[in-house]
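Report on the following structure.
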Amino acid sequence: MYMAERKRESGKIWDYMDYFLIISVCVAAIMGIVAIYSAAYSKPEGAKLVTVQSVALVLGFGIMILLSLMDYEILGESIKYIYIGNVILLILVLFIGIGAESTGTKGWIDMGLVSFQPAEIVKIGFIITFAKHLEKIEEDINYVPTLLGLSMHMIVLVGLILLQPDFGTAMVFVFIFISMLFAARISYKYIFGGILSLVVILPLLWYFKDSFLGQYQINRILVFFNPYLDPLDSGYNVIQSVISVGSGQLFGKGYLQGSQNQLGYLPAKQTDFIFATIGEEWGFVGASLVVLMLVIIIWRCIYIARTTQNKFGSYICMGVAAMLAVHTFENIGMCMMMMPITGIPLPFFSYGGSSLLTNFMAIGLVNSVRIRRRGLTF
């Protein structure tokens with residue numbers, strides 16, 4: 001009798017899976033591999049890049065299903081250990097991290113057979129721990145001491161990321177932080193106060209920019225306003241990206257037919273500028289489909305956040321939605337000369353095992369919330 005009841009309860013999990021969300025992310029990831037194949041087609045290591053991304057997709061799918069089946073509340077009971085693990089990972093990067101010599105950023109840990117970017121995994125850890133923090137202090141969120149404690153929760157991690165230094169990833173954490181505070185109904189007086197503070201502080205930060213920004217980061221900001229200040233170096237990437245996107249016109253030049261892509265004029269075409277690759281070969285129609293897929297995924301996360309009865313779960317979903325949204329907006333924006341170049345990948349489309357696994361983990365958590373959104377327990 002007991003075993004039969006447990007079997008029926010276990011079966012309910014599959015009934016409550018969000019198959020629309022699962023199918024959407026899988027389609028997006030497969031589209032990403034198709035785009036990466038084209039971007040890497042003329043590269044000697046092209047086959048390896050596609051293989052790595054394909055393996056990451058399979059692993060990511062498995063992790064997503066496992067997290068979906070697991071009760072996310074279990075993670076809420078281990079937030080201290082998760083947060084400590086986040087800090088240890090980011091400290092470890094400062095000592096043994098590797099990265100690009102051109103930027104001076106050390107954001108990867110090489111483990112021989114594989115290398116990974118700890119900051120990507122830490123994003124998930126931060127969303128989980130911060131969501132639980134918000135749930136615990138929900139009634140007192142608008143008290144100054146509470147807000148200071150919430151701020152320190154983020155500042156420690158962001159500070160360690162800035163030491164790598166990785167300004168773009170740090171800004172992702174800040175955006176997630178602000179979005180989750182907004183979801184927790186922080187008073188508008190703090191929101192307006194924060195905006196006013198930024199208006200006052202930004203000029204000061206720019207004046208002292210040399211103390212916390214590398215020269216390449218300063219150049220990226222300057223060429224954002226005018227890429228032709230340095231068209232052969234700092235402005236080269238964004239100029240080639242805009243040319244690629246524009247040359248695709250309505251229906252694109254055809255798969256594997258993009259001249260900017262295949263002739264090597266477009267830099268970082270399988271990672272940072274994958275959207276430019278898609279825009280050139282798939283055209284406005286294909287690029288719009290990519291945007292639509294990502295909007296659907298983000299919207300689904302927000303929908304689940306709004307329909308769950310559990311605050312912890314709701315905050316997790318909003319954190320995931322914010323993470324995906326800022327990555328999407330920043331990546332597409334920088335490809336179209338609307339945002340500074342930060343090296344932020346396009347979710348599910350850009351090459352990168354760490355990024356793809358992180359995104360699948362995030363969707364697994366959202367699906368876990370969806371399964372249990374009406375107080376169901378299995």
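Being closer than 23 Å to Ile221 by Cα, in a helix (DSSP H, G or I) and out of contact with any helix residue (DSSP H, G or I) (no Cβ under 7 Å at 6 or more places or on another chain) is not true of Phe275. The listed residues are Ser24, Ser54, Ser78, Ser10, and the only one of them that is modelled with pLDDT of 95 or more and over 30 Å from Gly264 (Cα atoms) turns out to be Ser24. Of all residue pairs spaced 6 or more apart or on separate chains, those with beta-carbon atoms under 6 Å, a first member in the range 356-378 that is of a type in the set (Phe, Trp, Tyr) and a second member that is in a helix (DSSP H, G or I) and modelled with pLDDT of 95 or more are Phe360/Gly60; Phe360/Ile63; Phe360/Met64. Going residue by residue through the range 75-82, is there one that turns out to be in contact with a Ser or Thr (Cβ under 6 Å, 6 or more places away or on another chain) and buried (at least 22 other Cβ atoms within 10 Å of the Cβ)? So far as the range 75-82 goes, no, none of its residues is in contact with a Ser or Thr (Cβ under 6 Å, 6 or more places away or on another chain) and buried (at least 22 other Cβ atoms within 10 Å of the Cβ). Is the range 347-354 home to any residue that is part of a helix (DSSP H, G or I) and either at pLDDT below 95 or within 28 Å of Ile13 (Cα to Cα) (or both)? So far as the range 347-354 goes, yes, one or more of its residues are part of a helix (DSSP H, G or I) and either at pLDDT below 95 or within 28 Å of Ile13 (Cα to Cα) (or both).
Here is a check on your reading of the model: is Ile371 modelled with pLDDT of 95 or more and either touching a helix residue (DSSP H, G or I) at 6+ places or on another chain (Cβ under 8 Å) or farther than 26 Å from Ala170 by Cα (or both)? No; evaluated as a whole, the condition is false for this residue.
Restrict the check to the range 96-106 and report whether at least one residue is surrounded by fewer than 15 Cβ atoms within 10 Å (Cβ to Cβ), touching a residue at least 24 places away in the same chain (Cβ under 8 Å), small (Gly, Ala, Ser) and out of contact with any Phe, Trp or Tyr (no Cβ under 6 Å at 6 or more places or on another chain). Yes, the range 96-106 has at least one match. Pairs linking a residue in the range 7-18 that is among the aromatic types (Phe, Trp, Tyr) to a residue that is surrounded by 16 or more Cβ atoms within 10 Å (Cβ to Cβ) and modelled with pLDDT of 70 or more, with Cβ atoms under 8 Å and 6 or more positions apart or on different chains, are Tyr16/Arg370; Tyr16/Ile371; Tyr16/Arg372.
The values are calculated or read from the model by the stated rules, or taken from the named source; none is laboratory data. All figures in this text were calculated on a predicted structure; none of them were measured in a lab. As a convention, Cβ positions derive from the backbone with ideal geometry for all residues, glycine included, and neighbour counts pool all protein chains shown.
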